[in-house]
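All remarks here apply to the structure that follows.
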Amino acid sequence: MNNNSQQFQVQKVANVWWMLKFTFGLVPILAGLDKLGFNFITNWAKYLNPTLVNMVPVSQTQLLYLVGVIEIIAGLLVLTHWTRFGAYLVAAWLTLIAVTLIPMGMYDISIRDIGLAIGALSLGMLTEALGKK
């Protein structure tokens, strides 16, 4: 492989890293902001597992606010110097969401969130492989 070809491959990897970084940074921030009462994307309350809601000592609205704040923080971590940690946090968060949706029969959304979690995990692993934080 010649030097130009290697540089092209390195640039492609960098482009993939940036696409993943922006996706897993901006999407959680937008979803988190929407959970703070806007509900432009969807009515988020329908995705709250009733068993979980009954276990926590806060209202459904307060729980959604907490979820929104966590998502915003995770997205900001991905967009900052802590991309790797943020990506792993987003991956774990999406997995937890998927697990809470399965008992509600929302298998389609659970599978989608697992796929997204794998993408976020890939960002974390790629960040680590590139020697970035």
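The values are calculated or read from the model by the stated rules, or taken from the named source; none is laboratory data. As the structure is a prediction and not an experimental result, all values here were calculated from the model. Here Cβ is always computed from backbone atoms with ideal geometry, including for glycine, and neighbour counts include all displayed protein chains.
Just one of the listed residues (61, 42, 95) is more than 23 Å from residue 122 (Cα to Cα), part of a helix (DSSP H, G or I) and not aliphatic (A, V, I, L, M), and it is 61. The condition of being aliphatic (A, V, I, L, M), more than 22 Å from residue 113 (Cα to Cα) and at pLDDT 95 or above holds for only one of 27, 58, that being 58. Checked against (1) crowded, with 18+ Cβ neighbours inside 10 Å; (2) in contact (Cβ under 8 Å) with a residue 24 or more places away in the chain; (3) of a type in the set (Asp, Glu), residue 113 passes all but a single condition, namely (2). In the stretch 80-110, the residue that is surrounded by the fewest Cβ atoms within 10 Å (Cβ to Cβ) out of those that are within 24 Å of residue 40 (Cβ to Cβ) and more than 12 Å from the chain's Cα centre (by Cα) is 108.
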